[in-house]
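What follows is a single structure, written as structure tokens, with notes after it.
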Amino acid sequence: MCTSGGAEVVETADPEPARDEVIVEVDACGLCGSDVHALERGTTFEGQVLGHEFGGRIVEVGAGVDRPVKVGQTVAVNPLGSCGRCRACAKGLPFRCPERPNLGITAPGGYAQYVAVPATQLVALPSGLPTEFGAHAEPLAVSLNAVRRAMAGPGDSVLVYGVGPIGLNAIMALRLSGVDHIVAAGRSPGRRAAAAKVGADEVIDTREVSIGDHVRDSGRPFAAVLECSGAPGAIAESLGVLEPGGTCVEVALSAEVTGVPMSRMVAEGLRVSGSCAFSNDVYDEAVEHIAAGRVPVAELISERVDLETTPDALVRLRTPGELVRVLAKP
Ligand SMILES: [Zn+2]
Ligand SMILES: [Zn+2]
């Protein structure tokens, strides 16, 4: 649970399900960079329970749930609440829905033993799949959404700039999209090694070679850049390595106010797009890929921690070093 200055582990009463909710016993919850940054910047609120990348097992079903869910079923939890009727929901932006809270952000999330979840936000996992895999659906969905916006496909070369968990998931999502060539660029040796493991064709160490130099040497600009680093100057740099008609998708929560080369953007028909979260169908698609074994999600896990040591792991992730993805196992 968050305090104004950080996070601590506390005992609370178990949640009771509302009529349309179930109680999920959390099996695993991914430690997300956005949680790390929220704590680092002090933007959390008193009593907030973070954690939006989780799955587990249903242990109680509310009286009014009219879906075929039952106690014992293993599920991935879509953290985004949506009414399905408002303008944001109609546009496929449920995280902007003003009617329903988002778990781990505006409602209690997955760094807990038990979470109350609206039944409409559950996606069943097939039996035989490790329950822990439910925690992988959210970051994969974020990345699948970004890849959709990149509008790249067979024959294209795409750059993933920044190889944190979202960049690494983006590499897997790009492999699924059938692009021809994936270049990953990053600073951390551990994460660059992971990029090669999950499907990057080429991996650049940006401490040695800039992406501009890489394109000059290879002679092959990119159809799209998925900018996942949020590093200063990264957006302008990304625009500089696109081919005509190319798209830069900003996936990191970058605070950057950037200058864009307008004459080149117009003359070459470049696009810049932001990508945040995902629509409900993209979340379902992520679970499908994981269930079918099409994505090597387990390769990314470098550590599992219990709830007691989760606050400490969230601090350690500020300087990840060799750490790639950490799972809380309540
Ligand atoms: Zn996340
Ligand atoms: Zn809505």
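Read-outs throughout are calculated quantities, based only on the coordinates presented, and are distinct from any laboratory measurement. None of the values given here were measured: they were computed from a predicted structure. Glycine gets a Cβ as well: all are built from the backbone with ideal geometry, and neighbour counts include every protein chain shown.
Some notes on this structure:
- Of the peptides 237-245, 259-267, 159-167, the order by per-residue mean of other Cβ atoms within 10 Å, starting with the highest, comes out as 159-167, 237-245, 259-267.
- Here the peptides 284-290, 208-214 are ranked by packing, the mean other Cβ count within 10 Å, and the order with the highest first is 284-290, 208-214.
- Sorting 306-315, 84-93, 134-143, 247-256 by their mean Cβ neighbour count within 10 Å, with the most densely packed peptide first, gives 134-143, 247-256, 306-315, 84-93.
- Extension gain from Lys70 to Ala196, taking 0.36 nm per residue of separation minus the Cα-Cα distance: 41.4 nm
- Residue separation of Gln113 and Ser273 scaled by 0.36 nm, minus their Cα-Cα distance, works out to 53.9 nm of gained length.
- Rg over Rh [alpha-carbon atoms, Kirkwood Rh] for the chain: 0.98
- Extension gain from Glu322 to Ala292, taking 0.36 nm per residue of separation minus the Cα-Cα distance: 7.9 nm
- Reduced Cα scattering model of region 82-174, Debye log10 I(q)/I(0), q = 0.13 Å⁻¹: -0.62
- Efficiency of FRET from Cβ geometry, Thr309 and Asp205, R₀ 41 Å, rounded to 0.05: 0.85
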